[in-house]
Amino acid sequence: MKVLKTLKKYSLFLMLLTFYSVNAASNTAYEMYLSTGINQQEIPVSGTVSDETGQPIPGAAVVEVGTNNGVVTDVDGKFTINVRNRGARLEISFLGYKKSEVTINGPQRNLQITLAEEVSKLDELVVIGYGSMKKRDISGSIATIDNESLENTPVKNVMSALQGRASGVQVVSNSGAPGDGMSVTVRGQSTLNSGNEPLYVIDGVPVQSNSISQLNGWESHGLNPLADINPQDIESIEILKDGSSTAIYGSRAANGVILITTKRGREGKPQINVNLYTGVSKLTRKLSVLNAAQWRDIIIDTYKNLDAYNNATTPSEPHWTAIDSLNPMNNGDVDWQDIMYRTAYQKQASISIIGGNQTAKYSLSSSILDQDGIILASNYKRITSRLNTDFRITDRINAGYSVSYTHGKNNRINAGGTGNNSLVQSILVRPPVYSLTYPDGSPIYYFNGKRNPVGLAVEATHLNTTNRIIGNQYIDFEILKDLRFKTNISLDYITMKEDEFYPTTIDYRAGYNSGAVRATNNLTWANENYLTYNKTFNEVHNVSLLGGFSQQAWKLETTGLNGQFFASDNIRTLNGAGTIFGQDVNTTVEHSLMSVFGRVSYDFMGKYLFQANMRADGSSRFGKEKKWGYFPSASLAWRFSDEKLFDNLNALEDGKIRLSVGQTGNESIGNYVSQGEFSLGANYLDYSGAAPTAMPNYNLSWETTTQYNAGIDLSLFAGRVYLTADAYLKRTTNLLFNVPIPETTGFDFITQNIGEIQNKGLEFALTTHNITGKFNWTTNFNIGMNRNKIVSLPENILTNGYLQNGTYHILKVGESIGTFYGWKFLGVYSRDEDNVNQVKYGSANGKVFRGGDPIWDDLNGDKIIDDQDKQIIGNAQPKFTGGLNNDFSYKNFSLNVFFQFSYGNDIYSNLNMMRNWVFAYNNVSTDALNRWRKPGDITDFPRPIRNDPLRNEYLRVSDRWVEDGSYVRLKNITLAYNLPAKMANKIFLEGLQFYVTGENLVTWTHYTAYDPEVSSYSGLQIGVDDGSYPQSRTFVFGLNIKF
Amino acid sequence: MKITKFIFIMIFSLSVISCSDLLDKEPVSSFSADGFYKTTSDAQAGVYGIYDAAQSVFRTNFAYWGEGRADNVKTAQSGEGLMLLQNNLDESLASAYWGSLYDMINRANYAIKYIPNIYKEGDAAGNQLVGEARALRALAYFYLARIWGDVPLITEPYLSIEQDILVTRTSKETVLDLVEEDLKFAAQNCRDKFGNDRDRIMFTKGSANALLTHVYMWRHKYDEALTTSNLVLNNSLYSLVTTMDDWGKIFTNSYSKESIFEVGYNEKETNSLRVLYAIGSYAIFTPSEKFKASYEAGDKRIEYVYDVTLADPKAIWKYLGKGLSDEDPTPSKQNIVLMRLADIMLLRAEALNKKGGAQNQTEALGLLNRIRTRAGLPAFATVGDASTMYGDLESAILHERSIELCFEGHRWFDLVRTGKAISTMQPINGLSDERNLVWPISITSLRKNPNLVQNEYYK
């Protein structure tokens, strides 16, 4: 009630705001009325609006439905309005109360309208591990994304729904390819191995979220198993971030837990929803390339420069493709981007039916998606279907069953990477002069050592077919009034079949083709059983207990073969192969987990809240003596707004301080690494061999993350402003890491527990209802700042004080994960003499850099450019990331504008390196027009030289390719129009909505390649642009029909 | 009633709960470290695993190491081949990385340590497998010592991270001592023969002796080389092919009776011969001008080596076959012949010549002439004839090796072994420093092991 008092005190302010908007609207209506000039019979209506206790509500909006006609109540809650139509309905609304409608059939003098208090946002239930809780009672750090923010965005997968929506949750697309994955990082990288992804739990079922793709060519990140879920089936997504919320999931929770709840049935009239949309996508931007004349010019330069370098007496003859512009094989002038990228179409249709009665409730849905990618021949089709049921078996037993089935078919292309088959790169470096067809009109798919990207896209097969069933059954038994028992059995079964084929047309050898097939099954079953006890003592002590046991096991089976010399390009199944090989891919691996968990929650009048969790997990992956890990956590919260002290602080509706500490673990390592491994398939011709492939480490144990969290939740001005702020510190110790070891051991790495990483950060989420009433404006803003630091690494695994981590990164104490390490580019030597110190390449006996060569920073001053001159050249960690969402609604229109941003992260643009490295006959960007041509030229583009004797680009990681990757993206604008109910009813519908969405509309960035949101590959090697499938700009038009 | 239902549910859910062996998951499709080397079939599989590593070792590098820095090849390509030919070696070269050799050594060390536990002491089958493992380890160390000089010497398998992993380099002479010791054991204990194709692709007493001959020649131990080469020449497994067509088939068809040891490949386990020698206009190596000018008129071998009708042949046909077209889909499946009888005969001739004396020289000349006459060239009547043509008998033998064994991965080692590398290569690529004869150690290795010191020339 206090809330309401506060509210009334603020009513004047609110009234003014509301009045402004309503008044503006009614003026227009008045003018309209005047201009129509039709003499209508107006019905005068007056009355009072009050709350359930009889207190008048000032500032409430009273609007005639379907018109602009409206007023607001005065200080005494009174209003007067002239209704234009007999039988019209008046809608009375006020923030924090349920809307009310009355039908006006004649003049009314003293209409008494009572508004019921709306259930506050704070009373909404939030899903937590093994249960749910009122938002107001949460003492950990949990971000919620409800279906409202999901509904009107035609996102195609669950993870993209998270992007920019929750503070501290960084979501990066792996590529723009249809059906491809995204990397989700909650509160920074807290591990050194690849298991950096959060745990996904759908309706209580921990699901497989790693790609099981075995044949994914050059895209090392594979596919996204969460693409199997239709986002429209989702009721809400909760992201558990702090230690106390996640610890109940113990060993897999160190990277956060994402709980996905799907829509369930409810009592009442069945509701049928149909959603249809169609969209069109285009490449967001094109990159520059040289045209035919410019390309010939630079290739001839490479020869001239080499001759000059060698003081050659006879000039070398450039390759004929560079000088012969008349040969029909070689007389084109093409920007291959124009040929390879297309305008792509997509469409989705979905239908859902929700309903039920007292004993049975149901929710069923299905959808079909057909999405073309913007690169030729790429396409993704998905069919999903889901049934959720809940039954009341007896007074004491509830049971339910959920099953979902997804069929996905992904016609992929090899986009990323740097190989001959990597399309994005080959599109950009392919000489513009190469002809598309032979003089007789047949396509040229292989020419001069290069496969035609068109041929690769159109002729080759990369088909990935997925079938997935997730089934889940629960029985909930009420033993006593406060004591319940729940048991859950779930299955998650994925089969993936992959077909790959390279036909003869794209190979240099006549009659050579090759293919491969992989069939992968992944079965996960889980059983969870737990008791819950909830009781309130003396009306003030609320106690809730949870205790349970669970087990889960995984089995991954792969079957496959490779073949070559197929009889025909038209028969692409392996029965057509002349030679079959690749039996070593036929394997099975297993993994299991067993757990005991418990939780105690206590609160005193909702004012002082306490919670403690404990989970013990045993994993088959660890050494015999180290199998079990224990993960405790505790949290405290104080609802200070309930203290008398704050009674007079009227702006404060609710305020809570939260503190928590918790431990979680990580077990994402190979299934058998602790035991060591002898692999089969090390065959010598037809003789079966075996070879040691992993060194055992029987002491291998859990990686543990301890997280401290302090937060505050504030609800101000009667819920108009809602602020959540959190500060956290995460320390991860005993990191599981594949420590590189000298190859003289015969092994590349050994998995060990080493070192410590720290993540600390601040998160803010702010929701404000800026304007309410007829015109509504709500803003959500969130920002997360994470600082990642490697605290310790064992000395004995470091060389020169660091550990090389892939090609571009290092791990170094005091630095963060994602630190780029390489040479510094200081410009280009204008003349030979400018290399005053006679700096040499590689060693004291190396070649001297000359005019036209890059000036590499000789860090140690030894006049030799070698490994000792490498330095930190950038960092891929953003300083902050976040999103800004604005919802506007006015009458039947609603508008959503969503920005998403990342600031302070660097990108290592391997793609820019490839498109500026004048290598062999590759085409380059127009930056090369500014190249060094003769002594005395001052430029930052080095001399192009054939077979560069100083290997200036070859394997040289340099800051020339490090760019600022900050960006602000207008990620989404959606404009929707709801047909007025009256009109909808006329065509026998409950409701009809039209919407238009633009995705990826504008991106503000300094990054010069396709897109600053670059592939993450693994959690460790972040921020490298290897030319993955580019992002696209999409426009969607859709319909939502309610029956 | 309700309580019974509850109990029923409890029992149901508890029945699913198994005991804690749920957490004991042994590998299904592989062995754990404790689970292997238990049976004789494990022992055999472990040894095949070493040969499997040898396939990776020689797949591409046999040519980079053996030909890339020498005078018989040239390249129109950039990259590794060009760097080697220009004597522009640096620590980023792929052929400077020894990882696959140590993989082979580690697999051999496992076999050498564990196979004796499976067999009774002195069991011939066990010793034979250990012999093969030791011969393969010797093969790996022989290449290591020749390419990098001093290298880490590891003779125990790595079973735990507690072992010394940051090893330092051991003197190459110590390494070669172990090579000799291993090969002597192999020459004692390997099989005489398998009686099938395996005679050419797995180690036998004969192939161990052949490799030992190579090692002795590298170490200038001519007496020992004469002993072991004699054993090879008298081994009935090996005889020279007589016709030129059969000579061509040594490489194209593999498993020739002249062959002593080849690394086996097939259409599934392919090598890089195609890319190295015969991918048409893109082959990494083609015959150099010097090579094309160096053979004697009437040499019948050359037409099997490349297309003599072309001034600038684009391919080396020796392995992929005479007349191979660019577009031929033939996979790179030919075995890589590491040692064959003609090779050992010429080494023996060289050793005899080094020993000196008229009788030895005559025998040397006889061996040389057998190779020459088979190729359709006239026999040298006297040592003087050979000297007139090539300066001295040693040069004549070396020249014969260069033609007979061309592109088989011997040339660079022959030049280094005989001290002719600098004099031969200086005019071509400026090679002038003795310290430059070894390869640099790869940056990958240096980064992982701070105790490794780069070879002097490349510092």
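Points worth noting:
- Pairing each residue of the stretch B:219-232 that is over 12 Å from B:A208 (Cα atoms) with any residue that is in a helix (DSSP H, G or I) and β-branched (V, I, T), provided the two are 6+ apart or on different chains, yields C-beta distances under 6 Å for B:A225/B:T213.
- Count of the stretch A:938-971 residues which are of a type in the set (D, E) and away from chain B (no Cβ under 14 Å): 4
- Looking across A:D647, A:D654, one residue alone is closer than 30 Å to A:S715 by Cβ, under 36 Å from the mean Cα position of the chain (by Cα) and in contact (Cβ under 8 Å) with a residue 24 or more places away in the chain. It is A:D654.
- Residue satisfying all of: in the stretch A:1009-1020; buried (at least 21 other Cβ atoms within 10 Å of the Cβ) and of a type in the set (S, T, N, Q); modelled with the lowest pLDDT among these: A:S1016
- When A:R915, A:R946 are checked against the criterion of being at pLDDT 90 or above, out of contact with any strand residue (DSSP E or B) (no Cβ under 7 Å at 6 or more places or on another chain) and more than 30 Å from A:Y995 (Cα to Cα), A:R915 stands alone in meeting it.
- For the stretch B:359-381, a residue qualifies if it is closer than 20 Å to B:S294 by Cβ and charged (D, E, K, R), and the qualifying residues are B:R372, B:R374.
- Subset of the stretch A:532-564 that is among the hydrophobic types (A, V, I, L, M, F, W, C) and either touching a residue at least 60 places away in the same chain (Cβ under 8 Å) or surrounded by fewer than 18 Cβ atoms within 10 Å (Cβ to Cβ) (or both) - its residue that is farthest from the other protein chains (Cβ to nearest Cβ): A:V540
- A:V839 falls short on exactly one of the conditions (1) without any contact (Cβ under 8 Å) to a residue 40 or more places away in the chain; (2) more than 14 Å from chain B (Cβ to nearest Cβ); (3) surrounded by fewer than 19 Cβ atoms within 10 Å (Cβ to Cβ), and that condition is (3).
- The helices (runs of 4 or more DSSP H) found entirely in the stretch B:395-459 that carry 2 or more residues being among the small types (G, A, S) and away from chain A (no Cβ under 14 Å) are B:421-429.
- Scanning the stretch B:245-270 for residues that are away from chain A (no Cβ under 14 Å) and in contact with a helix residue (DSSP H, G or I) (Cβ under 7 Å, 6 or more places away or on another chain), we see that the one that is surrounded by the most Cβ atoms within 10 Å (Cβ to Cβ) is B:I260.
- Restricting attention to the stretch A:477-502, the residues being surrounded by 18 or more Cβ atoms within 10 Å (Cβ to Cβ), within 14 Å of chain B (Cβ to nearest Cβ) and within 35 Å of the chain's Cα centre (by Cα) number 6.
- Under the condition of being more than 21 Å from A:H809 (Cα to Cα), surrounded by fewer than 23 Cβ atoms within 10 Å (Cβ to Cβ) and within 10 Å of chain B (Cβ to nearest Cβ), the residues counted in the stretch A:725-771 number 1.
- Taken over the stretch B:19-56, the criterion of being under 23 Å from the mean Cα position of the chain (by Cα), within 9 Å of chain A (Cβ to nearest Cβ) and of a type outside the set (F, W, Y) is satisfied by B:Q44, B:A45, B:G46, B:V47, B:G49, B:I50, B:D52, B:A53, B:A54, B:Q55.
- Residue ID - farthest from the other protein chains (Cβ to nearest Cβ), chosen from residues in the stretch A:666-687 that are surrounded by 20 or more Cβ atoms within 10 Å (Cβ to Cβ) and among the acidic types (D, E): A:E667
- Residue in the stretch A:698-705 that is buried (at least 24 other Cβ atoms within 10 Å of the Cβ), over 22 Å from A:T588 (Cα atoms), in contact (Cβ under 8 Å) with a residue 24 or more places away in the chain and out of contact with any Leu (no Cβ under 6 Å at 6 or more places or on another chain) present: yes
- Residue selection: B:Y64 satisfies the criterion of being within 21 Å of B:E408 (Cα to Cα), surrounded by 20 or more Cβ atoms within 10 Å (Cβ to Cβ) and at pLDDT 95 or above.
- The lone exception for B:R59 - which of (1) within 19 Å of the chain's Cα centre (by Cα); (2) surrounded by 22 or more Cβ atoms within 10 Å (Cβ to Cβ); (3) more than 8 Å from chain A (Cβ to nearest Cβ); (4) assigned to a helix (DSSP H, G or I) it fails: (2)
- Qualifying strands (runs of 3 or more DSSP E) (wholly inside the stretch A:886-994; at least 1 residues being within 22 Å of A:W295 (Cβ to Cβ)): A:906-909
- Condition broken by A:A457, with the remaining ones in (1) in a strand (DSSP E or B); (2) under 21 Å from A:S422 (Cα atoms); (3) small (G, A, S) satisfied: (1)
- Residues located in the stretch A:602-643, provided they are farther than 27 Å from A:S701 by Cβ, at pLDDT 90 or above and of a type in the set (A, V, I, L, M): A:L609, A:L636, A:A637
- For the stretch A:513-530, the candidate set comprises residues that are touching a Ser or Thr at 6+ places or on another chain (Cβ under 6 Å) and free of Cβ contacts under 8 Å to residues at least 60 places away in the same chain; within that set, the residue that is farthest from the other protein chains (Cβ to nearest Cβ) is A:A519.
- Within the stretch B:361-388, the residues that satisfy the criterion of being part of a loop (DSSP other than H, G, I, E, B) and of a type outside the set (S, T, N, Q) are B:A375, B:G376, B:L377, B:P378, B:A379, B:F380, B:A381.
- Residue in the stretch B:203-210 that is farther than 26 Å from B:D299 by Cβ, within 14 Å of another protein chain (Cβ to nearest Cβ) and crowded, with 20+ Cβ neighbours inside 10 Å present: yes
- Within the stretch A:318-334, residues that are farther than 16 Å from A:D440 by Cα have Cβ atoms under 6 Å from residues that are hydroxyl-bearing (S, T, Y) and in a helix (DSSP H, G or I) in these pairs: A:P318/A:Y303, counting only partners at least 6 apart in sequence or on another chain.
- Residue in the stretch A:482-494 that is under 29 Å from A:V585 (Cβ atoms) and out of contact with any Pro (no Cβ under 9 Å at 6 or more places or on another chain) present: yes
- Of all residues making up the stretch A:628-637, the number that are under 23 Å from A:I750 (Cβ atoms) and either away from chain B (no Cβ under 14 Å) or surrounded by fewer than 20 Cβ atoms within 10 Å (Cβ to Cβ) (or both): 1
- Residue in the stretch B:167-190 that is aromatic (F, W, Y) and either farther than 19 Å from B:R134 by Cβ or more than 21 Å from the chain's Cα centre (by Cα) (or both) present: no
- Of the residues making up the stretch A:708-727, those that are in a strand (DSSP E or B) and of a type outside the set (A, V, I, L, M) are A:Y708, A:N709, A:G711, A:D713, A:S715, A:Y722, A:T724, A:D726.
The values are calculated or read from the model by the stated rules, or taken from the named source; none is laboratory data. Just so it is clear, the structure is predicted and the values come from calculations on it, not from any experiment. All Cβ positions, glycine included, derive from the backbone under ideal geometry; neighbour counts span all protein chains shown.
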